[in-house]
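Note sheet for the following structure.
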Amino acid sequence: MRRRARRVPERKFSRENRPCTSWTAPPATGTQRAAGVASASANTSRGALRELVRDHRGRLARGAALDLAEAFGYYGLFALLSVVVLERVHISQAQVPFCYPAGNLAGLVGGLAMSTAFDRVGHRGTVIGCYLGAAAAVGLLTSATATGSAAWVTAAFALANAFGTAAWTAAYPTFTELFPTHPRGAGVGTSVAGGRVGAVVGTLALPTLAAALTPTPAYLLVVGCWLLGAAAMAGYALDDGADATGRPLQALAEPSAAAPG
């Protein structure tokens, strides 16, 4: 008698017991994705900085000079007054809170005046004029300090703060106009880093110099820094650097506007 073959039931594979035919990497964790983004960003930043040093050294130096000049003069001037000058013109600690608000209010006026003139006068002309005005105001502050008059020092400080605020607020948008599109972030960051060096040196060196000698050499050093910033912008203008007045940043990225230098 012929034995009937036993029928083997057909096995059904669910999603859980399906045989593996290929291997797929597990999805990246948040930490792994962040590390990949950071690595790509670091490579991009290094490449942009290398491009700036190789092809746009002049623009990079001018951007650093602009920010170094304003930070050295602006922050150094506040330190110089609080540590040395106010005491010499008999402004007591109780009167200091009334002196600095006057300077800050003048700074507000200076910033608003700069924003009004920036596109009317032109970006390069506004930056140069504000830096020269800041240098002249510090020269006036030098004379006011020599008189020993608290009122004259307060008035001259307010004027210096007005031009100083106008200068640094005009300089910051100018940084973005100096560099082509691709390395623009690295260029602005490097320029501002140079300014932070100026701020540290100014706040330490100016009071020390004034205490060891007189305030006049410290004031003259601030004047020299403001003039350095004006010269950097004037050099850019003489080299036929692009003026962004009334123009979008994309237009400055054209080959004629973003030429090396």
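Accessible-area rank, largest first, for 59, 50, 124, 196: 50, 196, 124, 59, with all protein chains present and a 1.4 angstrom probe. With θ taken as phi - 60° and the Karplus curve 6.51 cos²θ - 1.76 cosθ + 1.60 applied, the whole-hertz 3J(HN,Hα) list for the stretch 117-128 is 8, 4, 8, 7, 7, x, 5, 5, x, 5, 4, 4 Hz, x standing for glycine and proline. Counting only protein chain heavy atoms and rolling a 1.4 Å probe, the accessible areas of 119, 67 rank, largest first, as 119, 67. Answer rounded, prolate or oblate for the stretch 96-152, using the Cα gyration tensor with square roots of eigenvalues a ≥ b ≥ c: rounded when a/c is under 1.5, else prolate when a/b is larger than b/c, else oblate. Oblate. Every pair of different Cα atoms in the stretch 61-211 enters the Kirkwood calculation, which places the hydrodynamic radius at 15.9 Å. Residue 128 exposes around 40 Å² of accessible area when a 1.4 Å probe is run over every protein chain in place.
The values are calculated or read from the model by the stated rules, or taken from the named source; none is laboratory data. Computed from a predicted model, the values in this text were never measured in an experiment. With ligands, DNA and RNA removed, areas are computed over all heavy atoms of the protein, side chains included. Shrake-Rupley method; radii C 1.70, N 1.55, O 1.52, S 1.80 Å.
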